Amino acid sequence: MKNFICLFVALITAPTWAQKEIAYDSITDIHRYEYRAELYDYRLNGQQNSYRTVAIKGSPFLFNKWQQGSIPYRNNRSLALLINYNVMEDYAVVSLADGEKQIYPESFMINDLTFVRVKSQYYQALYDGKTKLLRRYTARLDPVERNGYNENVQYDYEYTKGDDLFLQSLDGSLVPIKLNERSLLAKLSDQRGARNIVQEQKLNLRSEKDVIALLTKLEQ
């Protein structure tokens, strides 16, 4: 699957970039791409080609390979297909007979993970009640800064991924939380009731499972 990054060339030309993956090492998770720029040189009144190979560790996708998934279809049915999620550019991509296609459904599933579109962004739905627990995945592409300690690194760029948790209330507002009791209880409207449930059930709010148990109990 394709990745898109910006590479700048200090030439007085008008460039058009094209890129192609030429190698992938699954053990080191390093992709190698050949970038070709068609450069129109006004001084020579002609086209020139410039080639460069770039190595990138990781990818912007949540999974390294296609996964089984589905998207909602008509009459409460769903369409099963191979799917992945581009975290960096925030879209789902499906594998079809005629190639890959970017899609932007209101929701989709990858294996047993459910993703929903909230305020034009995708979140993984961890708990879907009156108060929802959502995870937002993030990714960025960082250049490798060469110094005396990493000269043997075999790639030029690396994807860094992370995720953040949010509570979504009935009015649709999103509130960031951390997996600890102080942070979570401060964001709930019924703090006293939530604290009693935590004590009675002996919940550990550093665990997503226990956070979901708390939200479920609060709505009973």
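Could you list, in sequence order, all residues of the range 88-142 that are under 29 Å from Ala213 (Cα atoms) and hydroxyl-bearing (Ser, Thr, Tyr)?
Ser107, Thr114, Ser120, Tyr122, Tyr123, Tyr127, Thr131, Tyr137, Thr138
Just to be sure before I move on: is Glu158 surrounded by fewer than 18 Cβ atoms within 10 Å (Cβ to Cβ), assigned to a loop (DSSP other than H, G, I, E, B) and under 17 Å from the mean Cα position of the chain (by Cα) in the structure I sent?
Details: surrounded by fewer than 18 Cβ atoms within 10 Å (Cβ to Cβ): yes; assigned to a loop (DSSP other than H, G, I, E, B): no; under 17 Å from the mean Cα position of the chain (by Cα): yes.
Taking the combined requirement at face value, the residue does not satisfy it.
So, of the residues in the range 141-168 that are of a type in the set (Asp, Glu) and modelled with pLDDT of 90 or more, which turns out to be nearest to Ile30 (Cα to Cα)? Full working, then the answer.
Within the range 141-168, the subset of a type in the set (Asp, Glu) is 142, 145, 151, 156, 158, 163-164.
Still in the running and modelled with pLDDT of 90 or more: 142, 158, 163-164.
On the way: Asp142: 14, Glu158: 9, Asp163: 22, Asp164: 26 Å.
Step by step, filter the range 141-168, then rank; the result is Glu158.
Say we look at the range 161-214 and pick out the residues that are among the basic types (Lys, Arg) and assigned to a helix (DSSP H, G or I); which of these is nearest to Pro60 (Cα to Cα)?
The residue in question is Lys209.
Kindly indicate whether Lys65 is of a type in the set (D, E, K, R), outside the structural domain of Asp29 (by TED's automatic domain parsing) and farther than 22 Å from Asp163 by Cβ.
no
Which count do you get for residues in the range 124-142 that are surrounded by fewer than 15 Cβ atoms within 10 Å (Cβ to Cβ), in a strand (DSSP E or B) and in contact (Cβ under 8 Å) with a residue 24 or more places away in the chain? Reasoning before the result, please.
If we filter the range 124-142 for residues that are surrounded by fewer than 15 Cβ atoms within 10 Å (Cβ to Cβ), which is where we start, we get 128-130, 138, 140, 142.
If we keep only those that are in a strand (DSSP E or B) too, we end up with 128, 138, 140, 142.
Of the ones still in play, those that are also in contact (Cβ under 8 Å) with a residue 24 or more places away in the chain are 138, 140.
Looking only at that region, the number is 2.
So for the range 143-150 (the condition being under 24 Å from the mean Cα position of the chain (by Cα), surrounded by 13 or more Cβ atoms within 10 Å (Cβ to Cβ) and either within 18 Å of Ile56 (Cα to Cα) or assigned by TED's automatic domain parsing to the domain that holds Val87 (or both)), does at least one residue qualify?
Step one: of the range 143-150, the residues under 24 Å from the mean Cα position of the chain (by Cα) are 143-145.
Next cut, surrounded by 13 or more Cβ atoms within 10 Å (Cβ to Cβ) only: 144.
Now narrow it down to the ones that are either within 18 Å of Ile56 (Cα to Cα) or assigned by TED's automatic domain parsing to the domain that holds Val87 (or both): 144.
Yes, some residue in the range 143-150 is under 24 Å from the mean Cα position of the chain (by Cα), surrounded by 13 or more Cβ atoms within 10 Å (Cβ to Cβ) and either within 18 Å of Ile56 (Cα to Cα) or assigned by TED's automatic domain parsing to the domain that holds Val87 (or both).
Output the number of residues of the range 198-220 satisfying the condition of being crowded, with 18+ Cβ neighbours inside 10 Å and more than 19 Å from Leu134 (Cβ to Cβ).
Going through the range 198-220 one residue at a time, the tally reaches 2.
Would you point out the residue of the range 11-55, among those that are at pLDDT below 60 and surrounded by 14 or more Cβ atoms within 10 Å (Cβ to Cβ), that is nearest to Thr160 (Cα to Cα)?
The extreme case among them is Trp17.
So which residues in the range 82-101 are surrounded by fewer than 18 Cβ atoms within 10 Å (Cβ to Cβ), under 14 Å from the mean Cα position of the chain (by Cα) and in a strand (DSSP E or B), if there are any at all?
If the condition is that a residue be surrounded by fewer than 18 Cβ atoms within 10 Å (Cβ to Cβ), under 14 Å from the mean Cα position of the chain (by Cα) and in a strand (DSSP E or B), then Tyr91 is the only one that fits.
Just to check your reading of the model, which residue among Ser173, Ser169, Ser183 is surrounded by 11 or more Cβ atoms within 10 Å (Cβ to Cβ) and under 13 Å from Lys132 (Cβ atoms)?
Of the residues listed, the single one that is surrounded by 11 or more Cβ atoms within 10 Å (Cβ to Cβ) and under 13 Å from Lys132 (Cβ atoms) is Ser169.
The values are calculated or read from the model by the stated rules, or taken from the named source; none is laboratory data. None of these values were measured; they are calculated from a predicted model. Backbone-built Cβ (ideal geometry, glycine too); neighbour counts: all protein chains shown.
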